[in-house]
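First the structure, in the form of structure tokens, and then the observations on it.
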Amino acid sequence: MAQRETSAGETDDVDAVTRAVLTASRVLMAVSARSLAGVEERVTLPQFRMLVVMSSRGAIKLVALAESLRVSPSTAMRMADRVIAAGLAERQPNPEDRRETLLTLTEEGRRTVESVIARRRAEIHAIVQRLRPAQRRALVQALDAFNEAGGETPASGVGAQPLGL
């Protein structure tokens, strides 16, 4: 078991923290899956991630979208073709360079992202409400530190969009 001594002489059990984070990730994945239940016949989790990126970034080139999703451009193209066929996104010529194509959400795509995020936010809110105020403060501090260590920029404000897990 990976344990370290902290400067205050306390034991820091990295394995216990890892187990707790893995358990929390299962809770969050279940919340994510339930939030997609209303649209799962039209969009998969990876496709939803694509829609979230498009929602947060606006009109985007396929290569930039592939980089954001950490997939190959050919995979991003196939995913884009599917969400376009579902009426959730569309291709547009780039006004700055007519040889390039940009991908954007349709109004239906935007509504889909907003409704899934709203369901996810409501379920997470219900879970967090069950915590005592001191636990909530500690959770915010712990998650902020975890997100920073993982290289994730903090979501801000009420309308902040998670990365579409």
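At a glance:
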item	result
Filtered residues of segment 63-116 (kept if within 14 Å of residue 49 (Cβ to Cβ) and of a type in the set (Asp, Glu))	67
Set 32, 72: member being among the small types (Gly, Ala, Ser) and either closer than 28 Å to residue 128 by Cβ or touching a residue at least 60 places away in the same chain (Cβ under 8 Å) (or both)	32
Options 52, 116: the member that is touching a Pro at 6+ places or on another chain (Cβ under 9 Å) and in contact (Cβ under 8 Å) with a residue 60 or more places away in the chain	52
Search result, residues across segment 53-68 that are outside any strand (DSSP E or B) and open to solvent by less than 80 Å² (accessible area, probe 1.4 Å)	53, 54, 55, 56, 58, 59, 62, 64, 65, 66, 68
Every residue from segment 122-138 that is free of Cβ contacts under 8 Å to residues at least 60 places away in the same chain and under 22 Å from residue 35 (Cα atoms)	122, 125, 126, 128, 129, 130, 131
Filter result for the condition that a residue is surrounded by 13 or more Cβ atoms within 10 Å (Cβ to Cβ), farther than 19 Å from residue 46 by Cα and either at pLDDT 95 or above or out of contact with any strand residue (DSSP E or B) (no Cβ under 9 Å at 6 or more places or on another chain) (or both), over 124, 117	124
Residue match in segment 129-141 (condition: open to solvent by less than 80 Å² (accessible area, probe 1.4 Å) and of a type in the set (D, E, K, R))	no
Enumeration of residues in segment 92-140 that are farther than 20 Å from residue 79 by Cβ, among the hydrophobic types (A, V, I, L, M, F, W, C) and not in a helix (DSSP H, G or I)	131
Residue within segment 100-116 that is of a type in the set (Lys, Arg) and within 30 Å of residue 17 (Cα to Cα) present	no
Where residue 83 falls short, out of the listed (1) modelled with pLDDT of 95 or more; (2) outside any helix (DSSP H, G or I); (3) under 19 Å from the mean Cα position of the chain (by Cα)	(2)
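The values are calculated or read from the model by the stated rules, or taken from the named source; none is laboratory data. Please read all numbers here as calculations on a predicted model, not as lab measurements. All Cβ positions, glycine included, derive from the backbone under ideal geometry; neighbour counts span all protein chains shown. Accessible surface is based on the protein model in full, side chains and every heavy atom, while ligands, DNA and RNA are left aside. Shrake-Rupley method; radii C 1.70, N 1.55, O 1.52, S 1.80 Å.
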